[in-house]
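Okay, so here's the structure we're looking at.
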Amino acid sequence: MPAAPVAPRIEPPKETPALGCLHPEYHGGKEFFASPKDYMQWYAKHGPLRGTDAPVVGVLLYRKHVITEQPYIPQMISIMEQEGHIPVPIFINGVEAHTVVRDMLTTDNEQRMLARGEIGSISPTLSRDAVRVDAVVSTIGFPLVGGPAGSMEGGRQAEVAKTILSTKNVPYQVAAPLLIQDMDSWTQNGVAGLQSVVLYSLPELDGAIDTVPLGGLVGDNIFLVPERVSKMCGRLRRWVELRRKPAHERKVAVLLYGFPPGVGATGTAALLNVPNSLVNLLRALKSEGYDLGDLDVENLNGESLIAALTAQEDQRTIARGAAGLAAQGAGPAAEHGVQANAAEVSTKQLKEWLTYPPEWGPSEWGPIPFLPDNDVLVKRMQKQWGDLSSYRGIMSSASGQLVVPGLRAGNVYIGVQPLLGLEGDPMRLLFERDLTPHPQYAAFYKWLQHENKTDVVLHFGMHGTVEWLPGSPLGNNGLSWSDVLMGDLPNVYVYAANNPSESIIAKRRGYGTIVSHNVPPYGRAGLYKQLATLRDLIQEWREGSTPMTAADHASSSSAEMMGAAAQASAMGAGSAATSAASAASGGAGSNGGSSEGQGDVRSSLVAPIIENIRLAGLQEDVPFVPGPGSPLWERAHGSSNGTVESSSSVTLLPEDAGLVDLKEFDDYISTVYSYLQVLENRLFSEGLHVLGTPPTRNQLSAYLNAYFDGSLPQDALDAVADAEGIETARARLERSFQMQQPEASTNGSNPPADAGARMAELEAKLNEAVQIRSLLAQNSQELTGVLRALRGEYVLPEAGGDLLRDGVGVLPTGRNIHALDPYRMPSPAAAARGSQAAQAILDSHTAANQGTFPETVSVNLWGLDAIKTKGESVGMVLHFVGGRPVKEGTGRIARFELIPLEEMGGRPRVDVLCNMSGIFRDSFQNVVELLDDLFHRAAAADEPEELNFVRKHARSMQAKGLDNTAARLFSNPAGDYGSMVNERVGAGNWESGEELGDTWVSRNAFSYGRGRERGAARPEVLQSLLATTDRVVQEVDSVEYGLTDIQEYYANTGALQKAAANARGGKAPGVSIVEAFGKEVKPRELKDVLRIEYRTKLLNPRWAEAMSAQGSGGAFEISQRMTAMVGWGATSDFRENWAWDQAAETYALDEAMAEKLRQANPQAFSNVLKRMLEASGRGMWDASPEVLDRLRALYSEMDDQLEGVKA
């Protein structure tokens, strides 16, 4: 009989385990190891790098990609091995990433902790067979804890991740192919939307560093860019080398800044005293065992380092190249053991450093949309700067060598980051994507890597420029200049804790591991000069006491007041005040209903009060409005018989004293006094912070007083500041509390019913005060964080922010700060505060415009205030338009919906022009898309045009034939940043404010939104919106930086106002300033805020003394504010004599102050004088001939000094 047929054997399906390891050489990657231990046992016998000391890297993979046999996984493993790493590829479903890192991987640090018995933070579930790794890489993204599921918890699981990763204490990096974005869109527009959240925002909550996109989608397939995998490996290798290399062998490059050029900026950073901080750093490095050569750190003067670096900027020295630098030496720093760094780079060498290997092709670049030539970077540079072989330009010697100056102390190099930009236009490079850094800029960073053999670079303070170089907005590729120049260098970046917005640019584009530093202590402005005199006079008015004579006033004034009077005399103001006071003794009338004696006393005070109001320039802030029947009524309203405004004000003069109704004047005096209280209690940053330095007793008191703002008794705060124990502080609190209680609580009667609750509330605040004291005392962790990063260790992450607004969560500093989850913007509280602010703006506008609503409001959306306030500016936009967030079940915002008109109380939808900073545009693309969707639905809504201005304006533009008439979100071109207005003001390169408005328009005419709306040029739509703009809105997010402190506010808010005025035929719209750092949301008019800021900061002797005491950096800060003062005059027509008069008195005509600034920073002092003369020349200031002559003489002296004519 024939044999029965044999049925084919069917292999049972093999289920991929939920967790395992794989390697392409182990059964073709189709068989798996049960654990990292099993994998490493196999690798020790069969792995390509077995028997070597190559770094071991734990790599987290998606199990789904293993199941579907995605080819990128074996390719990535092979490249990692080619680059000298031993990968431990572990696949997981996604949610268990933290348990794998916690239990299956260990590190040298964790094992040392175990050996010492330090088991507090070590999980009891740590396997005895855990594999030692030198770094961890996640190709999954999302938070470490929970993965894609954990993302729904926002930052709530970050604490668990921080405990795990700080115990491991090795670099944690996220590097992955883009799974929801294709190669083409990445190359064209950068990493966007949800993909950016997955790769950047959420992992940064855990302290992830050096994120590298490894590839992306082509169709439905995932492809790698091998060059990017090599970049990831190179950066990992250098971090591991830091851990393995002893301190005395590590080479550190400390980079300072010197921008803008020629104004004393060398060795400055925002909010940081760089010279003193640098000394602290060098001392810490010395104690850590770094080789600092012969440097005498104990006697080192930081200003001598800055002076030596500044001297190296002399073009005569640069022209002689390395020989010139060597001959000049280290100047005043030489006596402390510092040497000059004298180096050159030939353009031939630079070409070699910028050229990719000639054999590179698709196997290295992957399926990106185009294949670059190997010398593509050189070609781009030469297109911009000409043939490199004949280049003679920025920082090149006469022979064509690219000069690298700097200072050296053993293995520590200290240099100034090269200037950025074009000759005569030093900032242009920041704002044009197709440009390249100049040759010396590129040579500088490449020299650090190839010639200096730098192990780690330390960018010292906020902020540099390498992270802003042209390239992909987010998600560096091999042609992004930030990526090219940083190469594989670990980048440690000292940054102000209150600026998470710009720090994420340093983190994401510049590969910066951020170490935060504290902001300076806060001070109260107080009153000074005429303001203090005015307060005293008002106090006399209120008391009705016998008036002081002028001599009495002088003798009772403080020494500060006497000095102020002397300065006023130099300006010709003091004698006017004296004669006015003298004339007032008998010249004022006695109108009103007070008693005769009191009326006489008060009458005698009217003239001196009016004169001091005039001298202080307060009449614009607190206008006097006479009532009908007053002799001053006719002056206020003219002789017209028509309808007049009942609120018309009059400028009072001392000779008007006899015409003033005393009852009206009494009401006016109350308003003036309230305004003086606002000025007196205004907060400002007092001086600059010194890295690693805890606050003094007085500084701690200033922090606490600013934070609690009167909500805790001063006696209790003093006890905390005095470092007394909690029991002593509580006893003081209870004593103060009892003294404040009504009599019933101290005479045996029952205390008020709420006394217990009130005392419990105060005790909670007292405990918070003690906590703040403890956290501020940990400022030393700033240096600890720097040292940890320089050792290649994990730096704890923390949300960026400031103490006043965000509370104790931002302390201690010394942390790797991050931003927030953009899919939760605005937060509920931010939406509510934003809505409140917007309604207050509408109420104020309609009250001032006979009930008429603004048709269009231009709102500035900035990354910094959006991050710190969690989206209050977005909340304002929603309120104006009539929109609200709609959330998913996870708490994330899915869309913004239109509120029905019937729920809006009869008011219209106000149109909004959103002017976005480049950081907001790039960091919150999801919000941009949601807002774009809202505007399009508003434009299409079937509603009356008189109740929907978005629709009205869109239809009007459609009638003119314009496209995308619902576009409302405008910014710079994709990849570009800034309006360039401040660059023009800084260079004096402008003729009229209208010209600056046009510059703003040319830089901000690019529309963003859904789909491919990624920087489309729509100047006609922008102009149409500007023509209907009735109000501009700007949020200010911090005490540290107000409108008058930095250039960006006038360059955007002021220039936007001017652009709208141009479009409106010269009629400027109003500007509302929302100060988001306070408890109340109370918008103020722009010029009101400018006056408040100038009075409480720049013109305030207390602020001036604190800042000038900071040496070269303080002088530079003063100088920059003078440039900003010109900027406000140029853009918003802020041209008030009192402000310039007092500025000249304070900084130029006061000989002691002038000499202090000249000695500290000659370039900065020269700029102070230059701006004053410029203000006069441009008609912003009507200065006296005598003052101008003195300023010209001083400026000429400084010019001679800077040119070397005078020692």
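The values are calculated or read from the model by the stated rules, or taken from the named source; none is laboratory data. Keep in mind it's a predicted model, so treat the numbers as computed, not measured. Note: ideal-geometry Cβ built from the backbone for every residue, glycine included; neighbour counts use all protein chains shown. Calculation scope for accessible area: heavy atoms of the full protein, side chains included, ligands and nucleic acids excluded. Shrake-Rupley method; radii C 1.70, N 1.55, O 1.52, S 1.80 Å.
Some notes on this structure:
- Per residue, the average separation of C-alpha pairs within less than 8 Å and at least 6 apart gives the stretch 247-523 a relative contact order of 22 percent.
- Relative contact order %, the stretch 833-1090, counting alpha carbon pairs below 8 Å whose residues are six or more apart: 20
- Over the chain, relative contact order from alpha-carbon pairs under 8 Å, at least 6 apart, %: 9
- Modelled spin-label separation between T99 and E995, with each label point placed 7 Å from Cα along the Cα-to-Cβ direction: 6.8 nm.
- Violating pairs (Cα-Cα greater than 30 angstrom) within the set K529/K1082; K529/K663; K529/K1170; K251/K351; K1058/K1097; K251/K870: K251/K870
- Selection from I613, G487, W365, by position along the positive dipole direction of the chain (Cβ): W365
- Computed with every protein chain present, the accessible area of S287 is close to 100 Å² [probe 1.4 Å].
- Whether the stretch 833-1090 is rounded, prolate or oblate, judged on the alpha carbon gyration tensor where a/c under 1.5 counts as rounded: rounded
- Other-chain or far-sequence residues with amide H under 5 Å of T211's (modelled H): V174
- Note that the stretch 766-865 shows a convex hull volume over its alpha carbon atoms of 158 Å³ per residue.
- Stretchable slack from R1135 to T651, in nm (0.36 nm times residue separation minus alpha-carbon distance): 172.5 nm
- 19 Å cut-off, amide nitrogen to a point 7 angstrom out along S956 Cα→Cβ, residues in the stretch 1017-1045: 1018-1033
- For the stretch 1063-1113 versus the stretch 349-366, the spacing of their alpha-carbon centroids is 51 Å.
- Integer Hz, Karplus 6.51/-1.76/1.60 couplings in order for the stretch 944-950, x for Gly and Pro: x, 5, 6, 10, 8, 6, 5
- Interchain or long-range residues, amide H under 5 Å from L861's placed H: N915, M916, S917
- Per-q log10 I(q)/I(0), the chain, q = 0.09 Å⁻¹ (Debye; single scatterer per alpha-carbon; no solvent): -1.22
- Each residue of the stretch 1185-1191 is assigned a 3J(HN,Hα), and the resulting list reads x, 5, 5, 5, 4, 5, 5 Hz, derived from the Karplus form 6.51 cos²θ - 1.76 cosθ + 1.60 (θ = phi - 60°), x at Gly and Pro.
- Mean accessible surface per residue for the chain, computed with a 1.4 Å probe while every protein chain stays in place, in Å²: 37
- Modelled FRET efficiency - R0 56 Å, E1020 with E25, Cβ distances, 0.05 increments: 0.35
- Accessible-area order (highest first, 1.4 angstrom probe) of the listed residues F935, F259: F259, F935
- Positive-end residue, the chain charge dipole about Cα centroid, Cβ charges, pick of A135, G1070, V981: A135
- Fully extending the segment from V218 to S346, taken as 0.36 nm per residue of separation minus the present Cα-Cα distance, adds 42.0 nm.
- DSSP-defined antiparallel bridges as percent of all bridges, the stretch 247-523, nearest 5: 35
- Rounded to the nearest 20, the Cβ-based charge dipole of the chain about its Cα centre (Lys and Arg +1, Asp and Glu -1) stands at 3040 debye.
- Placing pseudo-labels 7 Å out from each Cα toward the beta carbon at E1085 and A34 gives an inter-label distance of 7.9 nm.
- Once the Cβ-Cβ distance of D709 and E451 is raised to the sixth power relative to R0 = 56 Å, the FRET efficiency obtained is 0.55.
- Backbone N under 20 Å from the R1010 label point (7 Å along Cα→Cβ), restricted to the stretch 823-838: 823-826
- Net charge dipole size for the stretch 833-1090 [Lys, Arg +1 and Asp, Glu -1 on Cβ; Debye, nearest 20]: 380
- Bridge type composition, the stretch 833-1090 - antiparallel percent by DSSP, nearest 5: 40
- Cα gyration tensor, the stretch 361-511 - rounded (a/c under 1.5), prolate or oblate: rounded
- Residues whose placed amide H lies under 5 Å from that of E798, excluding near-sequence neighbours: N816, I817, H818
- Vicinal HN-Hα couplings computed from phi for the stretch 128-135 (Karplus, 6.51 cos²θ - 1.76 cosθ + 1.60; Hz; Gly/Pro x): 5, 9, 4, 8, 6, 10, 9, 6
- Between E359 and A334, the modelled label-to-label distance comes to 5.0 nm, taking each label 7 Å out from Cα in the direction of the beta carbon.
- Pairs with C-alpha atoms separated by more than 30 Å, drawn from the list K162/K765; K379/K868; K286/K446; K446/K868, are K379/K868; K446/K868.
- Straightening the chain between E15 and E118 buys 33.0 nm, computed as 0.36 nm per residue apart minus the Cα-Cα spacing.
- Per-peptide average of other Cβ atoms within 10 Å, ordering 359-372, 872-885 highest first: 872-885, 359-372
- At an R0 of 51 angstrom, the distance between the Cβ atoms of E1203 and D373 translates into a FRET efficiency of 0.65.
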